[in-house]
Amino acid sequence: MIAVSEIEAAYNRISGVVKKTPLLRDNILSERYSANIFLKREDLQLVRSYKIRGAYYKIASLNDDERRQGVVCASAGNHAQGVAFACNHLNINGRIFMPTTTPNQKVKQVRMFGKDHVEIVLIGDTYDDAYHAAIKDSEESKALFIHPFDDPMVVAGQGTIGIEIMSQLKGSMDMIFVPVGGGGLISGLGSYLRTKSPSTKIIGVEPEGAPSMSQSLQKDERITLQKFEKFVDGAAVATIGKINFEIAHEVIDDMLLVPEGKVCTTILQLYNESAIVVEPAGALSVGALDLYADKIKGKNVVCVISGGNNDITRTEEIKERSMLYEGLKHYFIIRFPQRAGALRDFLNEVLGPDDDISHFEYRRKNNRENGPALVGIETKTKEDYYALMERMKLNKINFTHVNESPDLFHFLI
């Protein structure tokens with residue numbers, strides 16, 4: 001584990017620059033789960049993410065020769081913002097490699113924080129593509145590579161969150177839920193808490209579609225995901241860090257997987273109920289509470305809200321994923337009878353009073369009235385869906401439920 005003394009040294013180095021974020025009791029979540037739920041609001045950090053902690057500590061610790069050579073990093077967004085901020089604040093030049101899939105909002109933020117001190121290079125589809133390009137650049141230019149998670153100084157910087165939590169929380173901390181991507185946050189935070197609060201259960205949370213830490217711990221070796229879901233971009237990593245994996249064995253009590261749809265539901269709930277804007281990775285810890293609902297009753301629980309860099313242009317996708325996960329939106333291929341009034345009969349006899357058609361598309365360009373139609377229907381409750389299905393069967397509607405066929409769904413939707 002990272003020594004407590006190193007984490008304390010990191011805290012002293014970054015204090016005065018990095019914001020001490022609040023630890024707030026969420027009354028709505030506390031009532032919902034019959035527990036004391038506290039949110040560590042790293043979404044309120046200077047760059048709206050905890051990543052500034054490790055990045056700034058690492059870069060601020062460089063000697064004069066290393067500073068003159070400049071730095072290079074690879075990031076899906078939040079680490080890049082931390083590096084950009086540090087470069088501008090410390091007057092150091094940096095090149096930042098980001099996947100082409102990075103939300104535009106994060107790219108703009110990097111430019112804003114780095115100003116004239118950083119150059120942004122968009123390359124590849126994943127973090128790992130950007131990582132390999134950055135490593136090659138570092139070897140050729142001799143600029144120091146600032147790893148987003150597999151570096152002891154970066155890990156120590158992330159661990160400073162633990163110092164703040166321990167000073168802010170009155171009473172014991174029974175459990176803490178921590179988002180996991182490459183593993184830097186949980187290994188730094190876990191190193192500190194294992195020494196200072198050994199009774200605290202440390203729960204790691206990954207997106208279901210990118211379970212690199214979970215699978216690595218299960219197989220007792222670092223694995224590389226060949227395919228993974230990239231929606232939770234701040235935690236979608238093919239391979240966790242070597243240092244992080246070693247520390248994970250010592251500090252993680254349990255790993256949970258949260259479906260991407262549940263992440264979207266949590267994003268919307270936090271915004272609608274508490275006016276908190278979180279990015280997908282930032283919603284992981286709260287999204288995992290349902291999985292531990294019986295175990296957290298009456299407990300003091302901390303959820304790390306790791307970041308709030310959410311691109312507003314993703315709102316419709318987030319809503320869509322949430323409704324699909326909650327069973328409130330369904331797509332059908334419907335083969336209407338070849339007679340006049342078939343569509344009108346469907347609207348009058350099959351749709352319920354609270355059902356809405358959100359999508360309608362004939363699948364044939366020619367003679368489309370006689371061809372199948374792709375129909376998206378939103379229901380108010382899950383029960384409305386079951387009633388809809390009964391009416392479909394009663395009226396002998398010839399249909400295919402697209403939601404039940406993943407390959408067909410991704411092809412059509």
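What follows is calculated from the coordinates using simple rules that are stated; it is not laboratory data. Predicted model only: the values in this text are computed from it and were never measured. All Cβ positions, glycine included, derive from the backbone under ideal geometry; neighbour counts span all protein chains shown.
Quick notes on this one:
Every residue, every condition in (1) within 20 Å of SER49 (Cα to Cα); (2) within 19 Å of the chain's Cα centre (by Cα), yes or no:
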| position | (1), (2) |
| --- | --- |
| MET173 | no, no |
| ILE176 | yes, yes |
| TYR192 | yes, no |
| SER197 | no, no |
| THR200 | no, no |
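- Of the residues making up the stretch 371-397, those that are farther than 15 Å from LEU347 by Cα and surrounded by fewer than 14 Cβ atoms within 10 Å (Cβ to Cβ) are LYS380, THR381, LYS382, GLU383, TYR386.
- Test: LYS58 is of a type in the set (Lys, Arg), within 17 Å of the chain's Cα centre (by Cα) and not in a loop (DSSP other than H, G, I, E, B): no
Table: residues versus (1) among the β-branched types (Val, Ile, Thr); (2) touching a Leu at 6+ places or on another chain (Cβ under 8 Å); (3) closer than 21 Å to PRO99 by Cα.
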position	(1), (2), (3)
VAL232	yes, yes, yes
ILE243	yes, no, no
ILE252	yes, yes, no
LEU257	no, no, no
LYS262	no, no, no
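- Scanning the stretch 206-239 for residues that are β-branched (Val, Ile, Thr) and within 18 Å of ALA130 (Cβ to Cβ), we see that the one that is nearest to the chain's Cα centre (by Cα) is VAL232.
- The number of residues in the stretch 167-226 being of a type in the set (Asp, Glu) and surrounded by 24 or more Cβ atoms within 10 Å (Cβ to Cβ) comes to 1.
- Options LEU284, LEU270; residue that is free of Cβ contacts under 8 Å to residues at least 60 places away in the same chain and either among the basic types (Lys, Arg) or surrounded by 24 or more Cβ atoms within 10 Å (Cβ to Cβ) (or both): LEU270
- Residue identified as β-branched (Val, Ile, Thr) and closer than 25 Å to ILE123 by Cα among ILE37, ILE7, ILE28, ILE92: ILE92
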